[in-house]
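Worksheet: the structure to be examined is printed underneath.
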Amino acid sequence: MSKQTQAKPSLRFGQVVIGPPGSGKTTYCQGMQEFLTHLGRKVVVVNMDPANEGIPYSCAVDISELVTLDDVMEGLKLGPNGGLLYCMEYVEANLDWLEEKLKQYSDCYFLFDCPGQVELYTHQNSVKNIFSQLAKWNFRLTAVHLVDSHYCADPAKFISVLCTSLSTMLHVELPHVNVLSKMDLMEQYGKLAFNLDFYTEVMDLTYLLDHLAADPFFKKFRHLNEKLAEVVQDYSLVSFVPLNVQDKESMIQVLRAVDKANGYCFGDLEERNLQAMMSAAVGADFQFNSTLGVQERYVETSGKTVEEEMMEL
């Protein structure tokens, strides 16, 4: 009796880059592609955004060959939001096209540049189903969720970012790395109320609520903000890695977090540092020193005493 054995596809690693519009996803893909290429990895970038025009990186697979947002809006008389939802549902219904395109690149590292509509990752299931199918095709992916770092300067916006990040983590169901992008522009919209590690490690949010209560507009919403903060802290899932795409050390920190999340650092696809692999295995990769270095580089220090800062708060 002969058994027909189906060849299992080779293990492929990669990142799905998600986040709100304008958070720097395409710039991240371009920078990460160049960075990984210098490290010796063969990188394939997949454009999953049907509204992405003028792509700055070399794109191996482009979803606009299958469907474009402009054609959907014109043909079905939909707005940009409804049109993008339809596009992703169309991609989900034609996954065989995507599978044939990806089969051409078996021994590569993949970057999926995804659309920037938030509800695709918090409510709608098409993108989640696409990611699930990629996992069935033996992809080991990490979701890299980019968020503008300047939101840290506004306590209300930062709480909103925490809720969005948590909702995305629970809905997408992939190993997840949250990234504060554009660190060089962090204080363009205001000063930070606390040290950077308070925001990257999402420490005790009651201090942030006290700071938020000083605003007359948000004072009446204090109870609501307390409940939102409780939800974030009860799950205890959200933390951030600071990133400036033009900074090599910053890119290394993000790549370490991603490789640890999807298991790439435990494979044999390239030469690895034994100490880094062991620290990932035992969970001893402390980020405090790197965060402190980022703060010294991009966040202006105040010459005021602790007492003076407390009086302002």
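The values are calculated or read from the model by the stated rules, or taken from the named source; none is laboratory data. Keep in mind the model is a prediction, meaning the values are calculated, not measured. Virtual Cβ from ideal backbone geometry, glycine too; neighbours counted across all protein chains shown. The accessibility values were calculated without ligands, DNA or RNA, using every heavy atom of the protein model including side chains. Shrake-Rupley method; radii C 1.70, N 1.55, O 1.52, S 1.80 Å.
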*When only residues in the range 120-136 that are of a type in the set (S, T, Y) and out of contact with any strand residue (DSSP E or B) (no Cβ under 7 Å at 6 or more places or on another chain) count, which is surrounded by the fewest Cβ atoms within 10 Å (Cβ to Cβ)?*
S132
_Looking at the range 161-176 only, could you name the residues that are open to solvent by 10 Å² or more (accessible area, probe 1.4 Å) and either of a type in the set (G, A, S) or assigned to a strand (DSSP E or B) (or both)?_
S167, H176
*Only one of these conditions is not met by L134: (1) in contact with a His (Cβ under 9 Å, 6 or more places away or on another chain); (2) among the hydrophobic types (A, V, I, L, M, F, W, C); (3) under 19 Å from E89 (Cβ atoms). Which number is it?*
(1)
*Name the residues in the range 178-209 that are open to solvent by 80 Å² or more (accessible area, probe 1.4 Å) and outside any loop (DSSP other than H, G, I, E, B), would you?*
Q188, Y189, Y207
_Quick check on Y90: is it modelled with pLDDT under 90 and either of a type outside the set (G, A, S) or surrounded by fewer than 19 Cβ atoms within 10 Å (Cβ to Cβ) (or both)?_
no
*asked:* All but one of (1) in contact with an Asp or Glu (Cβ under 9 Å, 6 or more places away or on another chain); (2) under 23 Å from D148 (Cα atoms) hold for L69; state the number of the condition that does not hold.
replied: (2)
*Taking the range 253-267, which residues are in contact with a helix residue (DSSP H, G or I) (Cβ under 9 Å, 6 or more places away or on another chain) and either among the charged types (D, E, K, R) or modelled with pLDDT of 90 or more (or both)?*
Q253, V254, L255, R256, V258, D259, K260
_Search result, residues across the range 21-37 that are open to solvent by 30 Å² or more (accessible area, probe 1.4 Å) and either of a type outside the set (V, I, T) or in contact with a Pro (Cβ under 6 Å, 6 or more places away or on another chain) (or both)_ = P21, G22, Q30, E34, F35
*May I ask you to list pairs of residues, at least six apart or on different chains, whose Cβ atoms are under 9 Å apart, with the first in the range 9-37 being more than 22 Å from K103 (Cα to Cα) and the second being polar (S, T, N, Q) and in a helix (DSSP H, G or I)?*
I18/T168; G19/T168; P20/T164
*Scanning the range 241-263 for residues that are part of a helix (DSSP H, G or I) and not hydrophobic (A, V, I, L, M, F, W, C), which turns out most open to solvent (accessible area, probe 1.4 Å)?*
K248
_The one condition in (1) at pLDDT below 90; (2) touching a strand residue (DSSP E or B) at 6+ places or on another chain (Cβ under 8 Å) that S2 fails to fulfil_ = (2)
*Which fully enclosed helices (runs of 4 or more DSSP H) of the range 60-123 have 3 or more residues being more than 18 Å from G19 (Cβ to Cβ)?*
69-76, 80-93, 95-102
_For the range 210-230, give me the residue count where each residue is buried (at least 19 other Cβ atoms within 10 Å of the Cβ) and modelled with pLDDT under 85._
1
*Working only within the range 38-59, note down all residues that are open to solvent by 40 Å² or more (accessible area, probe 1.4 Å), part of a loop (DSSP other than H, G, I, E, B), in contact (Cβ under 8 Å) with a residue 60 or more places away in the chain and over 17 Å from L120 (Cβ atoms).*
G40, K42
*Is there a residue in the range 137-160 that is touching a helix residue (DSSP H, G or I) at 6+ places or on another chain (Cβ under 6 Å), assigned to a helix (DSSP H, G or I), open to solvent by 50 Å² or more (accessible area, probe 1.4 Å) and closer than 24 Å to A261 by Cβ?*
yes
